[in-house]
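Have a look at the structure below, then the notes.
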Amino acid sequence: MMMDLIHNLQTVKEQRQWLEQYVPKELIQSLCHQSEAEMRAIDQEWVHLIQKTKQLPGIPVGHPEVKT
């Protein structure tokens, strides 16, 4: 985990440059200046969405739960 953190710190500039090709600069800046609590809330929501997505295999694409 520590090695991942060090690697991520070393590649932040490259990641930001890549992201700027696809996302408006204003959005990137707002994401980079989040408080610790805001980042934790975003991370928790992301984990929740991933868990929900993992439950979807086998459900038809047209099903309302899949569309949301």
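The values are calculated or read from the model by the stated rules, or taken from the named source; none is laboratory data. Remember, predicted model here, so these are calculated numbers, not experimental data. Don't worry about glycine lacking a Cβ; one is built from the backbone with ideal geometry, like all the others, and counts go over all protein chains shown.
Among Lys67, Lys54, which is among the charged types (D, E, K, R) and at pLDDT 80 or above?
Matching residue, one of Lys67, Lys54: Lys54.
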Practice task
State all residues of segment 25-54 that are surrounded by fewer than 10 Cβ atoms within 10 Å (Cβ to Cβ) and not in a helix (DSSP H, G or I); if no residue qualifies, say none.
Solution key: His33, Ser35
Practice task
Within segment 1-46, track down each residue that is touching a helix residue (DSSP H, G or I) at 6+ places or on another chain (Cβ under 7 Å) and among the charged types (D, E, K, R).
Solution key: Arg16, Glu20
